[in-house]
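Data first, discussion second: the structure below is written as C-alpha cells.
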Amino acid sequence: MNNITIHGRLTRKPELREYNNSKGGVNTLCRFSVAVNRRFGDETDFFDCTCFGKSGESIEKWFNKGDGIVLSGEMQSSKGRREDTKNVTYWNIIVQNWDFAEKSGAVSSGSAPAPDRGPQTFEEMEEDIPF
C-alpha cells in the first residue's frame, strides 16, 4: 500500500493548468508545494503535490501561499536528468483527499469562539503579599 498523509503550509500559490487526456478531452491539474515541519528539531521537509479535476480547481480557488492544508495521497517517483547531466529522481504526491487546516491564530468554523479572558492590563494591588 502506498499512502502518505501530511499537514503543512503551502509554499506558493497553487498553479492550475489544462492538459489533453488520452481520449482527446481537456482536463485540469493543480500543482503546489507544501512545507511540513519535522516533529523534532528545526528542519522542514518540502513536498511537491499534484491534484486533478474539480478537487485541483478548488485548491487553486481557496488556497494561497502560507495557508494550512492537510492532505493524503500516493507518492510517485519519476526519473529525470538535470542540466549538469546527472540523473535524478523526483518525488510527487498525487493528492486524493484534502482539507483546510487552521490558519495561525484563527478560529476554524466548527469550533467555539475563544473565551473572554477579562481585561488585558495589570492593576496595582493595595494588599501586601506575604512572600
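The values are calculated or read from the model by the stated rules, or taken from the named source; none is laboratory data. Quantities reported herein were computed from a predicted structural model and do not represent experimental measurements. Glycine gets a Cβ as well: all are built from the backbone with ideal geometry, and neighbour counts include every protein chain shown.
Pairs are defined by a Cβ separation below 9 Å, a sequence spacing of at least 6 or placement on different chains, a first member in region 1-25 that is part of a strand (DSSP E or B), and a second member that is aromatic (F, W, Y) and surrounded by 10 or more Cβ atoms within 10 Å (Cβ to Cβ); the pairs so defined are I4/F47; I6/F47; G8/F46; G8/F47; L10/F32; L10/F63; E15/F32. Consider T50 carefully, then state whether it is of a type outside the set (G, A, S), part of a strand (DSSP E or B), in contact with a helix residue (DSSP H, G or I) (Cβ under 6 Å, 6 or more places away or on another chain) and surrounded by 14 or more Cβ atoms within 10 Å (Cβ to Cβ). Spelling it out, it is not the case that T50 is of a type outside the set (G, A, S), part of a strand (DSSP E or B), in contact with a helix residue (DSSP H, G or I) (Cβ under 6 Å, 6 or more places away or on another chain) and surrounded by 14 or more Cβ atoms within 10 Å (Cβ to Cβ). For T85, are the conditions met, namely being hydroxyl-bearing (S, T, Y) and either in contact with a Cys (Cβ under 8 Å, 6 or more places away or on another chain) or in contact (Cβ under 8 Å) with a residue 12 or more places away in the chain (or both)? In short, no. Select from region 89-105 the residues that are surrounded by 10 or more Cβ atoms within 10 Å (Cβ to Cβ) and either within 21 Å of C30 (Cα to Cα) or over 11 Å from the mean Cα position of the chain (by Cα) (or both) and list them in ascending order. Correct list: Y90, W91, N92, I93, I94, V95, Q96, N97, W98, D99, F100, A101. Looking across G66, G24, G41, one residue alone is surrounded by 11 or more Cβ atoms within 10 Å (Cβ to Cβ) and on the phi > 0 side of the Ramachandran plot. It is G66. Among the candidates G41, G68, the residue that is within 13 Å of the chain's Cα centre (by Cα) and farther than 19 Å from N2 by Cα is uniquely G68.
I'd like to check something: does region 35-46 contain any residue that is touching a helix residue (DSSP H, G or I) at 6+ places or on another chain (Cβ under 6 Å), at pLDDT 95 or above and assigned to a strand (DSSP E or B)? No, there is no match, as no residue in region 35-46 is touching a helix residue (DSSP H, G or I) at 6+ places or on another chain (Cβ under 6 Å), at pLDDT 95 or above and assigned to a strand (DSSP E or B). Is it fair to say T28 is within 24 Å of T89 (Cβ to Cβ), among the polar types (S, T, N, Q) and part of a strand (DSSP E or B)? Here the answer is no, as T28 does not meet what is asked. Of S58, S33, all but one fail to be of a type in the set (S, T, N, Q) and surrounded by 15 or more Cβ atoms within 10 Å (Cβ to Cβ); the exception is S33. Checked against the criterion of being modelled with pLDDT of 75 or more, among the aliphatic types (A, V, I, L, M) and farther than 22 Å from L10 by Cβ, region 87-104 has at least one qualifying residue.
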